[in-house]
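So the structure is just underneath, and the comments pick up after that.
The values are calculated or read from the model by the stated rules, or taken from the named source; none is laboratory data. Just so we're clear, the structure is a prediction, and the values are computed from it rather than from any experiment. Please note: Cβ atoms are built from the backbone with ideal geometry, for glycine as well, and neighbour counts cover all protein chains shown. Calculation scope for accessible area: heavy atoms of the full protein, side chains included, ligands and nucleic acids excluded. Shrake-Rupley method; radii C 1.70, N 1.55, O 1.52, S 1.80 Å.
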Amino acid sequence: MKKIFLLSALGFAIAAGAQQTITVDVENPLQVARTDQPVVISLADYGTVRSALVTSNGTEVPCQLDDINLDEQFDELCFLADLAPRERKTYTIELAAEGEPRTYPARVYAEMVMRNDKVREKNRHNNFVASLSVRGDCANSYNLLHHHGVDFESELNGIRIYFDPRQTLDLYGKFHKQLELQATQFYTSEDQKAEGYGDDVLWVGQTFGLGAFRGWDGTKPTLVQPVTTRTQRVVSYGPLRTIVEVIDQGWVADSTKAPLNMTLRYTQYAGHRDTDVDVIFNRDASAYSFSTGIINVKGSTEFSDHLGLRACWGTDYPSTDTVKWKRETVGLAILLPRQNIVSEEPANTDNYAFVVRPQGNSMAYKVAYCSDNEDFGYHSSQEWFAWIRQWRTEADNPVIVRRASR
């Protein structure tokens, strides 16, 4: 599976107060229209960049500058391209060493918030934090953060990652295509439900949920423990993509091998129901075995192409409280690079699992889901499985980014 094309910077570093212009061609290699296609430009060779302007055919295109390694220097620029079948567009990027990033309407959202004991409403907590670390012997990290961990969303989805050894991705189902988590904080009130806001739609327990990354003991998945420290942080808040990280230091993933430091980076682009997952280790981890997959939703129908694309469609209660909650129907999917797959495990009552192995110190994969509640999505296993097949085609054929000819 090919990753999103990352264009290395082509040019010279920007001197103080100077401006540099890059022109790139972005091409859709497929015979289908594509919207919100990420284009990511590395700024490594451009020195200090404080602001940027992207245009195409004279029209301004929203863009975003990100400080990935949190060193107070922007490392990447991204924008989203809309392309007709086989279309090629030219974009002009102006980088400046002065000024501030331009502001655009938010199309994604991310939040970490500690509980505020003075706030009664579950969707109005306001002790916002950007990062939280706990020691490995923390007694109950799950309840330190409101909604139990960092959450993020695009207009199409909403995900929270549990701040405990499971590190499970739990899901928020929407009725309408809009941002909601700032308003509901994953705890939708009755008034908000009446207004058409979504809510939690998946019970995850000890399962993978949607693509949690775990250890493997030779027969079954293992949780991400013991660790010396566990951290969640928000790297970027938007407006076009949000990036959050889960960092596990001193993880004894295999008792016969040395501990590892692992960073799980989740990138959510606007207009996307899928989420990119990057797994990064502090050293070569190709001798270790890990696991990931999706929950076997009760009574679900499975799909697999046996090449890394696996999905299900099923219905279950999202809580053990079957009086307060209604049954929810969801479609889940995971897309793994073939070169990282050791085995596709038979389904059991918990999971559709894979055993995986990084090449060197990293690997990457994608996850996606839908809720049957959506007025913009899919409402049968046939529709969902058709979408994931197209998803694979587009993931294997990302837009092509080239330096424009002069």
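Quick notes
- Within segment 117-174, the set of residues being more than 13 Å from the chain's Cα centre (by Cα) and of a type in the set (A, V, I, L, M, F, W, C) comprises Val119, Phe128, Val129, Ala130, Leu132, Val134, Cys138, Ala139, Leu144, Leu145, Phe163.
- The residue that is farthest from Arg403 (Cα to Cα), among those in segment 29-63 that are part of a strand (DSSP E or B) and open to solvent by 50 Å² or more (accessible area, probe 1.4 Å), is Thr35.
- Residues being out of contact with any helix residue (DSSP H, G or I) (no Cβ under 9 Å at 6 or more places or on another chain) and over 30 Å from Leu260 (Cα atoms) - total across segment 303-329: 16
- Out of Arg50, Arg34, sole residue that is touching an Asp or Glu at 6+ places or on another chain (Cβ under 6 Å), modelled with pLDDT of 95 or more and within 22 Å of Thr242 (Cα to Cα): Arg50
- Taking the numbered list (1) over 20 Å from the mean Cα position of the chain (by Cα); (2) buried (at least 18 other Cβ atoms within 10 Å of the Cβ) in turn, Ala395 passes all entries but (1).
- Flag for Val342 being β-branched (Val, Ile, Thr), open to solvent by 50 Å² or more (accessible area, probe 1.4 Å) and at pLDDT 95 or above: yes
- Test: residue in segment 8-22 that is part of a loop (DSSP other than H, G, I, E, B), modelled with pLDDT of 95 or more and surrounded by 14 or more Cβ atoms within 10 Å (Cβ to Cβ): no
- Hits in segment 278-323 - residues which are open to solvent by 40 Å² or more (accessible area, probe 1.4 Å), small (Gly, Ala, Ser) and in contact (Cβ under 8 Å) with a residue 24 or more places away in the chain: Ser286, Ala287
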